[in-house]
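The values are calculated or read from the model by the stated rules, or taken from the named source; none is laboratory data. Keep in mind that this is a model prediction, so the values were computed, not measured. Heads up, the Cβs are rebuilt from the backbone with ideal geometry, glycines too, and the neighbour counts pull from every protein chain shown.
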Amino acid sequence: MPPDDDRLRLIDEIRRLKRERDAVLLAHYYQEADIQDLADHVGDSLQLARQAAATKASCIVFCGVHFMAETAKILNPDRPVYLPDLDAGCSLADDVPPDAFRAFVAAHPGALVVTYVNSTAAVKAMSDVCVTSSNAVAVVRSLPADRPVIFAPDRYLGDWVRRETGRDLILWPGSCELHEAFTAEQVAALKAAHPQAKVLVHPECPQPVRALADVVGSTKRLLEAVQAGAPDAQWIVVTEPGIIHQMRRSAPRATFIETPATPRPDRPWGGCVSCNTCPHMRRNTLAKLAACLRNRSPELRLDPDLLVKARRPIERMIAIG
Ligand code: CIZ
């Protein structure tokens with residue numbers, strides 16, 4: 001966080017440049033609080049994709065990760081889309097090399113391909129429909145019962161969808177390095193320390209963690225649970241704590257307890273603010289956002305062929321759920 005004077009100067013500059021550039025600023029729930037407060041729309045990837053599809057602004061500045069900005073670009077091929085740090089990636093998207101995925105799909109002839117939106121445009125282009133954690137269950141329920149279904153790349157989300165829908169999904173073995181790092185032991189210890197608290201868990205977490213939840217769902221769903229809860233409720237939050245900013249705004253008297261995460265030894269992440277923040281999402285900062293608006297850079301560019309091929313599964317995703 002920059003010192004206070006710098007922070008206020010950056011906030012003023014971002015507000016001014018946003019107007020001058022006629023930019024719409026889209027921010028994911030996992031961004032730092034100042035960026036969420038500056039955004040025109042804050043949401044999960046489905047809500048932000050819908051905003052990107054509807055915008056009339058001259059350009060889009062996306063404070064999220066690369067695959068989300070790609071989705072915005074696919075929906076707006078003629079509009080510049082900027083991402084303050086082009087290296088803001090995603091371990092899930094990295095877990096699906098397109099060539100390996102092509103071979104996997106070919107090995108399951110006749111299967112419908114359902115891809116979590118946390119994937120590259122190349123993988124989306126091989127898919128029948130994209131989903132987010134908000135609508136994955138609804139999308140899978142809508143598929144013909146007589147077709148096998150591949151679900152990629154998150155095996156934990158896939159396992160949750162399988163349990164919710166009763167569909168036998170063919171899972172790609174990917175995972176989110178952050179959500180996989182929450183453990184049942186950590187959550188059980190927090191429950192013991194805060195027996196009145198309700199547990200909110202993201203479906204990208206492993207099943208033993210989900211088994212301890214009062215509510216399992218996307219960030220949007222978890223936020224809705226807080227909005228529907230008692231004003232002075234206690235919540236144990238088992239996802240990226242950026243969402244707590246919106247939870248606090250909705251329920252200022254409630255108590256929110258963050259869950260620590262334990263990175264796997266083979267997947268240590270560097271540069272994260274703390275061990276439960278997403279190191280990729282948090283690459284976007286106020287200083288990078290101001291520079292991005294000032295310089296109209298970095299701009300996200302995509303292969304024109306991929307732009308066309310990845311559009312249909314994304315449009316289907318937006319239409320369902
Ligand atoms: O789909 C998203 O936006 C992510 C990454 C999490 C969620 O549940 O909102």
**Message:** On the basis of being surrounded by fewer than 19 Cβ atoms within 10 Å (Cβ to Cβ), at pLDDT 95 or above, in contact with a Lys or Arg (Cβ under 7 Å, 6 or more places away or on another chain) and within 22 Å of residue 36 (Cβ to Cβ), does residue 252 make the cut?
**Reply:** no
**Complete:** Flagged in the stretch 107-152 as within 25 Å of residue 201 (Cα to Cα) and charged (D, E, K, R), in numbering order, are 141
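If we only count helices (runs of 4 or more DSSP H) wholly inside the stretch 24-117, which ones have 2 or more residues that are under 16 Å from the mean Cα position of the chain (by Cα), within 17 Å of residue 293 (Cβ to Cβ) and within 16 Å of the ligand (Cβ to nearest atom)?
Values: elements: 33-38, 45-54, 66-75, 91-94, 98-106.
The qualifying helices (runs of 4 or more DSSP H) are 33-38, 66-75.
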**Complete:** Of (1) outside the structural domain of residue 260 (by TED's automatic domain parsing); (2) assigned to a strand (DSSP E or B); (3) within 17 Å of the chain's Cα centre (by Cα); (4) not small (Gly, Ala, Ser), residue 157 satisfies every one except (2)
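Determine whether residue 267 is surrounded by fewer than 18 Cβ atoms within 10 Å (Cβ to Cβ), farther than 23 Å from residue 178 by Cα and away from the ligand (no atom under 15 Å from the Cβ).
Numbers: surrounded by fewer than 18 Cβ atoms within 10 Å (Cβ to Cβ): yes; farther than 23 Å from residue 178 by Cα: no; away from the ligand (no atom under 15 Å from the Cβ): yes.
Taking the combined requirement at face value, the residue does not satisfy it.
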**Request:** For residue 169, work out the one condition from (1) touching a Gly at 6+ places or on another chain (Cβ under 6 Å); (2) within 16 Å of the ligand (Cβ to nearest atom) it doesn't fulfil.
**Result:** (2)
**Asked** Does residue 123 count as of a type in the set (Val, Ile, Thr), under 24 Å from residue 320 (Cβ atoms), away from the ligand (no atom under 16 Å from the Cβ) and crowded, with 18+ Cβ neighbours inside 10 Å?
**Response** no
**Request:** Give me the pairs, please: first residue somewhere in the stretch 309-321 and among the charged types (D, E, K, R), second residue anywhere and in a helix (DSSP H, G or I), beta-carbon distance under 7 Å, and either six or more positions apart or on two chains.
**Result:** 311/74
**Request:** Please work out which one of (1) surrounded by fewer than 18 Cβ atoms within 10 Å (Cβ to Cβ); (2) of a type in the set (Gly, Ala, Ser); (3) under 19 Å from residue 111 (Cβ atoms) is the condition residue 230 fails and give its number.
**Result:** (3)
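Take the residues in the stretch 176-194 that are assigned to a helix (DSSP H, G or I) and closer than 26 Å to residue 135 by Cα; name whichever of them is nearest to the ligand (Cβ to nearest atom).
Keep residues of the stretch 176-194 that are assigned to a helix (DSSP H, G or I), which gives 179-181, 184-193.
Next, from what is left, pick out any that are closer than 26 Å to residue 135 by Cα: 179-181, 184, 187.
Values: 179: 9, 180: 13, 181: 15, 184: 20, 187: 18 Å.
Ranking the candidates gives 179 first.
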**Fill in**
(1) closer than 19 Å to residue 211 by Cβ; (2) in contact (Cβ under 8 Å) with a residue 40 or more places away in the chain; (3) surrounded by fewer than 24 Cβ atoms within 10 Å (Cβ to Cβ) all hold for residue 150 apart from (1)
**Prompt:** Can you tell me which residues in the stretch 231-250 are of a type in the set (S, T, N, Q) and within 16 Å of the ligand (Cβ to nearest atom)?
**Reply:** 239, 246, 250
